[in-house]
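The structure appears below as structure tokens.
Throughout, read-outs are computed from the coordinates displayed, never taken from laboratory work. Just so you know, these numbers come straight off a predicted model, no measurement behind them. Note: ideal-geometry Cβ built from the backbone for every residue, glycine included; neighbour counts use all protein chains shown.
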Amino acid sequence: MDLLHPKIVHFPIALAVLIPVLAAVVWAAWRRELLPRRAWWLVVGAQLFLVASGFIAMRSGESDEERAERVVPESAIEVHEEAAKVFMAGAFVVLLLAGGTLLLKKERAAQTVAAVSALGMLGVLGLGYRVGQAGGALVYEHGAASAVSKAGSAAMPAAEAGEGRGGKHDDDDDDD
């Protein structure tokens, strides 16, 4: 069985990249009266999808964690997990802020809060970068991908299998 987490994690990260652009476009069009205030629902909906997909990614990471710990140091997993928690907290706060925009009566106040939430979305992008960087370290520095072999069973870490960086056994020198 393949790990579910790597298949899901790209949704919230991709949304963290796209949502600030969407928010800026919708906000600018709303401010210029090219779009009505209700167009901001697109931004709130996208942010809600980011939070939901991030929650699913975190849950799948928790269920895949035990298999990954067979080959990855627990401390590296904890760095990734903590970054994900901060990312999710930031994404949720920004969702509340963006949603609150729609509850305000005064147009100018709503546009100001929308602009602040759009800036917050840029902050969420930065937090998402940290999560992705820590996740990439798990895969590329610590060999998390080797937690599952092609047959779907747990694999040995490369160091225990006697493999060097090139995928060859260290004692297989071609210098003969």
Say R0 is 30 Å: what FRET efficiency, to the nearest 0.05, do residue 21 and residue 112 get from their beta-carbon distance? 0.90
Each residue of region 124-129 in turn: what ³J(HN,Hα) in whole Hz from Karplus with 6.51, -1.76, 1.60 and θ = phi - 60°, glycine and Pro shown as x? 5, 4, x, 5, x, 4
May I ask for the net charge around residue 104, where only other residues with Cβ less than 14 Å from the Cβ of residue 104 are counted and Lys, Arg are +1 while Asp, Glu are -1? +4
